[in-house]
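The values are calculated or read from the model by the stated rules, or taken from the named source; none is laboratory data. Just so we're clear, the structure is a prediction, and the values are computed from it rather than from any experiment. Cβ placement follows ideal geometry from the backbone for every residue including glycine, while neighbour counts extend to all protein chains displayed.
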């Protein structure tokens, strides 16, 4: 992260084709959120999310601005899970928060965020969300009422979040279906529990938190470090329901990594690579960092760009470089690549 002059103003970035800052006809309707503010409601039941030159800064105690995200550009498409991968502190959670409208007031954001081609800021947790039930967000921390059983929490959520027009029986059927999808049927009458109160395991709590968001079948879903064991099911749900899912992933194993079609690789708040996961296996070797045989590609990527245990990294072309030097080289190579130009 870098200290810099703090000057920013809120801004609002489509597919691996060219990003557009203009609304695309027929992609969204403008409707009122009930407070007079106009929001975009997606047509056709799908949501495309794009961001362009996204920067996030925060002021430190000396009122200097610390750069957290630097000029990120990318997109997330319906029916796919975009895997956001990078070492701890690289900006994965900040990127999700920026896109979901969950940044704190101490942070400042610049750049553009486009929802179905429109400059439409998202504001998860506000009245806007009530009008767009297709938006879901699961943070790293599970916020659950520990006194409820799994059954009580799920049925209460279904009553509150699903449309009033949906019959009660249909709400119950939706809840029961999702319980089976998330593997919670064996703990259905177990209290959630908390500190000093035994209840669900951490993995079961994570499943429940995700359930409470996907029960409405949101068209746009943000997941901050979901459990690896859930990802196959989440990818399947995204494909079946044309959901647009952005997920920050912590050290996926090779089996999970193969599930992702699209990859966003971050380090030091910058994009090292964005594009198809399959093409990342060509990007690293072309820059002198081939993945050793029988090694998980994601482990290789993270080791190459992780400054936590900084050491000189051997480059395939001969010689060694510091981790920060490798990151700068990869960022520069990515910015000059055909993939980046296509996104631009």
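For this structure, a couple of remarks:
- Residues satisfying the stated conditions in region 94-109, i.e. crowded, with 17+ Cβ neighbours inside 10 Å and out of contact with any helix residue (DSSP H, G or I) (no Cβ under 6 Å at 6 or more places or on another chain): 94, 95, 96, 97, 98, 99, 100, 101, 102, 107, 108
Conditions tested, residue by residue: (1) on the phi < 0 side of the Ramachandran plot; (2) surrounded by fewer than 20 Cβ atoms within 10 Å (Cβ to Cβ); (3) at pLDDT 90 or above.
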{"residue": "194", "(1), (2), (3)": "yes, yes, no"}
{"residue": "211", "(1), (2), (3)": "yes, no, no"}
{"residue": "228", "(1), (2), (3)": "yes, yes, no"}
{"residue": "243", "(1), (2), (3)": "yes, no, yes"}
{"residue": "255", "(1), (2), (3)": "yes, yes, no"}
{"residue": "261", "(1), (2), (3)": "yes, yes, yes"}
{"residue": "282", "(1), (2), (3)": "yes, yes, yes"}
{"residue": "285", "(1), (2), (3)": "yes, yes, yes"}
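- Top-ranked residue of region 269-279 - restricted to ones that are out of contact with any helix residue (DSSP H, G or I) (no Cβ under 6 Å at 6 or more places or on another chain) and surrounded by 22 or more Cβ atoms within 10 Å (Cβ to Cβ), ranked as nearest to residue 93 (Cα to Cα): 269
- Lone unmet requirement of (1) at pLDDT 50 or above; (2) exposed (fewer than 13 other Cβ atoms within 10 Å of the Cβ); (3) under 21 Å from the mean Cα position of the chain (by Cα) for residue 10: (1)
- In region 38-47, the count of residues that are part of a strand (DSSP E or B), assigned by TED's automatic domain parsing to the domain that holds residue 297 and either under 25 Å from residue 232 (Cα atoms) or modelled with pLDDT of 50 or more (or both) is one or more.
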